[in-house]
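Below is one structure, written out as structure tokens; the observations come after it.
The values are calculated or read from the model by the stated rules, or taken from the named source; none is laboratory data. Just so it is clear, the structure is predicted and the values come from calculations on it, not from any experiment. Note that we place each Cβ from the backbone using ideal geometry, even for glycine, and neighbour counts take in every protein chain shown. Ligands, DNA and RNA are stripped out before the accessible areas are found, and what is left, the full protein with its side chains, is counted by its heavy atoms. Shrake-Rupley method; radii C 1.70, N 1.55, O 1.52, S 1.80 Å.
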Amino acid sequence: MSTPLWEREVDVLVVGGGAGGMAAALSAHIGGCKVLLAEKTDRIGGSTAISGGAVWAPLNSQSGPAGHPDSFEKVWTYMRNTVGDAAPAEMQKAFLDACGPAIDALARHTAVQLAARTYSPDYYPDRDGAALGGRSLDPVMFDGRQLGRHFRELRDPLPEFMVLGGMMVTLADAKNLLGAFRSFGACKESMKLVLRYAGDRLRGYHRGTRLVLGNALAARLFRSLLDRGIDYWLGAPLKSLHVQDGRVTGACIERQGRATWVRAKRAVVVATGGFPWNPAMRGQRYPQPTGPWSMSPAGNAGEGIELAQTVGAAMGSDYFGPAFWAPVSILQRPDGTQVRYPHLVWDRAKPGLMAVNSAGRRFVNESASYHEFVLGMYRSHETVPTIPAYLVCDSDFMERWGLGLALPGGRPREHLLRDGYLYRANSLQELASALQIDAAGLSASADDFNRAGEAGVDPAFGKGSTAYNQYLGDPDHRPNPCLGPLRKAPFYAVKVYAGDIGTACGIRCNAHAQALAADGQPVAGLYVVGNDMQSVMGGQYPAPGITLGPALTFGWVAGQHIAQTVPSQVSS
């Protein structure tokens with residue numbers, strides 16, 4: 001391959017501005033490298049900025065102080081009981097060895113600050129090695145005003161994570177807002193939120209500057225790039241990788257409508273976010289049926305993976321699962337645009353919500369993790385149409401908890417009914433007719449569900465039977481925080497599809513995040529992190545934060561390995 005005319009020269013070129021890419025850029029810069037980060041879209045933050053922000057990093061230094069002392073033996077047992085052989089054992093071990101030190105190093109050297117959850121069960125708390133807290137961490141709230149004029153360059157969170165048109169809220173915030181008229185403490189906290197938000201809007205900010213969840217993590221990483229003077233380009237997609245003498249030496253980046261060749265004297269790090277919006281790759285690897293149902297940014301279209309393959313990198317296996325799943329409801333607006341809502345942790349586990357297939361029958365523990373819920377959809381779909389599935393509740397549930405985009409507390413819903421997102425009927429038979437599902441099956445399922453609610457035990461699917469289920473239920477509801485009646489008309493429903501929050505199948509890598517060829521040897525000069533990297537979970541989902549934990553970890557590992565072991569190539 002002929003040598004291009006290099007227009008920019010750096011030690012490390014990072015392609016992609018999510019958690020993995022920004023962690024790699026920071027790590028390499030801390031190691032003494034000159035770094036350029038190129039982001040395809042006009043906003044930085046990637047999937048991280050619109051995520052819940054949880055980071056699974058077992059053996060972190062906060063686990064013990066959070067009340068959950070851990071050990072390698074314990075978490076390794078849990079990994080083997082959940083991930084098993086879905087990912088190479090050496091990569092699982094590499095993650096566990098590096099994640100704690102990586103989180104600590106980011107805390108020392110950057111603005112990234114995370115706080116361990118004192119209570120947050122792993123998703124399979126009944127399996128040996130599981131923990132009830134300490135392993136998952138949340139980003140500490142960040143003041144977006146610290147980004148100054150760059151605040152508008154940060155990707156906005158999902159609208160579903162905001163209220164009042166731009167105020168970010170956590171689960172705890174949402175509970176305070178819903179209980180503002182029932183508790184002085186909740187009222188006080190709610191007033192703080194609303195007054196802060198009002199002040200932001202009066203000062204001309206396009207949304208609230210109190211950042212939480214994944215938006216806070218993305219903002220903290222972005223602030224750290226700015227603090228270190230790391231150069232970044234927005235609106236700059238990767239077009240090709242350049243190889244010379246068997247080594248990746250740079251890339252072509254499209255910038256301001258023209259091709260710009262960037263020489264990377266040490267390495268290129270690819271972190272473009274996986275392939276959930278690449279129809280061909282999705283059709284090849286996802287189970288059927290599938291559709292454009294991802295919660296990831298639409299720019300995550302797989303070009304990083306495809307271009308890594310052109311220079312010899314090999315894909316990992318999708319045998320154990322190509323994606324991390326989440327049930328998604330979809331509002332089709334009159335103007336043709338869509339709003340997708342991920343049913344992650346708010347409504348499914350609450351008492352009084354039932355999920356059914358086209359036969360009107362339950363098919364899954366509604367309180368299971370979002371990943372497990374969609375796996376249940378696919379299993380059921382093998383014999384009974386279950387994609388879409390249907391989340392069903394009564395009026396009491398709707399007023400207390402809401403359902404997807406339909407908010408609780410008597411808020412307007414007619415537009416959702418008119419646009420075909422929300423269904424409402426005065427009887428379950430009428431609801432079944434509107435949904436075009438079996439009415440007798442739905443009525444029988446509701447009868448069984450109500451008996452389970454009265455007994456506090458769900459013999460069919462075990463809703464509310466684990467610590468994780470109960471963690472997301474209603475702690476004030478007895479005898480089971482996840483089981484309640486479904487009796488009071490009108491009844492409501494939404495359709496949910498087999499959506500995802502990102503892909504798990506990507507480029508095979510070693511413990512240093514070096515891309516591997518088919519023979520298992522590193523592709524010189526090429527590193528891959530984030531969802532472009534074959535997941536160390538192999539398509540399994542053991543706990544909250546198992547995408548961001550590895551992204552930050554291997555981003556940090558990649559940058560350090562480049563800085564410490566990869567010699568700078570002489571300019572030519």
Check your understanding: Amide H to amide H, which residues 5 or more places from Tyr232 or on other chains are under 5 Å from it, using H placed in the peptide plane?
Key -> Leu37
Check your understanding: Expressed in nm to one decimal, what extension gain is obtained for the pair Arg182 and Ala439 from 0.36 nm per residue of sequence separation less their Cα-Cα distance?
Key -> 88.7 nm
Point to revise | Summed side-chain charge close to Ser317 - residues other than Ser317 whose Cβ falls under 11 Å, Lys, Arg +1, Asp, Glu -1 | key: 0
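Got the relative contact order for the chain handy, in percent, Cα pairs under 8 Å and 6 or more residues apart?
About 23 percent, as a whole number.
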Check your understanding: lysines near Lys34 by alpha-carbon distance under 25 Å, same-chain residues fewer than 8 away left out - which ones?
Key -> Lys239, Lys265
**Study point:** Over 23 Å between alpha carbons, listed pairs Lys463/Lys495; Lys93/Lys463; Lys350/Lys495
**Key:** Lys93/Lys463
Review point. Can you work out the base-10 log of I(q)/I(0) for the range 354-418 at q = 0.12, 0.22, 0.23 1/Å, using the Debye formula on its C-alpha atoms alone?
Key: -0.36, -0.92, -0.96
Check your understanding: Taking the alpha carbon gyration tensor of the range 65-190, what are the square roots of 5 times its eigenvalues, largest first, to the nearest whole Å?
Key -> 33, 21, 14
Point to revise | Residues of the chain: accessible area per residue with a 1.4 Å probe, Å² | key: 38 Å²
Revision key, fill the gap. Env charge @ Val270, Cβ radius under 10 Å, K,R +1 / D,E -1, value -2
Review point. Which value in nm describes the separation of the simple spin-label points at Gln521 and Met141, placed 7 Å from the Cα toward the beta carbon?
Key: 5.5 nm
Revision key, fill the gap. With a Förster distance of 60 angstrom and the Cβ-Cβ distance between Asp104 and Ser427, calculated FRET efficiency to the nearest 0.05 equals 0.55
**Study point:** Check: the chain dipole with +1 on Lys, Arg Cβ and -1 on Asp, Glu Cβ, in debye
**Key:** 1380 debye
Review point. Taking 0.36 nm per residue of separation and subtracting the Cα-Cα distance, what length does fully extending Asp396 through Lys175 add?
Key: 77.9 nm
Point to revise | the range 331-366 versus the range 204-250: alpha-carbon centroid distance in Å | key: 33 Å
Review point. Of all the accessible heavy-atom surface of the range 1-57, with the other protein chains kept in place and a 1.4 Å probe, what percent is carbon and sulfur?
Key: 51 percent
Exercise for review: Could you point to the residue in Ala23, Ala271, Pro412 farthest towards the positive end of the chain's charge dipole, with +1 and -1 charges on the Cβ of Lys/Arg and Asp/Glu respectively?
Suggested key: Pro412
Check your understanding: When the helices in the chain are scored as -39500 (n - 2.57) per DSSP H run of 4 or longer and the sum is shared across all residues, what 222 nm value do you end up with, to the nearest 500 deg cm²/dmol?
Key -> -9500 deg cm²/dmol
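Out of the total accessible area of the range 315-384 (probe 1.4 Å, heavy atoms of protein only), what percent is carbon and sulfur?
Exposed carbon and sulfur together represent 51 percent of the surface.
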Study note, to complete from the structure: The summed charge of the Tyr78 Cβ neighbourhood (under 12 Å; Lys/Arg +1, Asp/Glu -1) stands at -1
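Determine the share of the range 503-572's accessible area contributed by carbon and sulfur atoms, expressed in whole percent, with a 1.4 angstrom probe.
Heavy-atom surface of the range 503-572 belonging to carbon and sulfur, 1.4 Å probe: 52 percent.
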Exercise for review: Would you work out if the range 329-379 is rounded, prolate or oblate? Take a ≥ b ≥ c from the square roots of the eigenvalues of the alpha-carbon gyration tensor; rounded if a/c is under 1.5, else prolate when a/b is larger than b/c, oblate otherwise.
Suggested key: prolate
Revision key, fill the gap. Simple spin-label estimate for Asp85/His150, 7 Å along Cα→Cβ, in nm, reads 4.7 nm
Point to revise | Candidate lysines - alpha carbon under 23 Å from Lys192, same-chain residues fewer than 8 apart omitted | key: Lys175
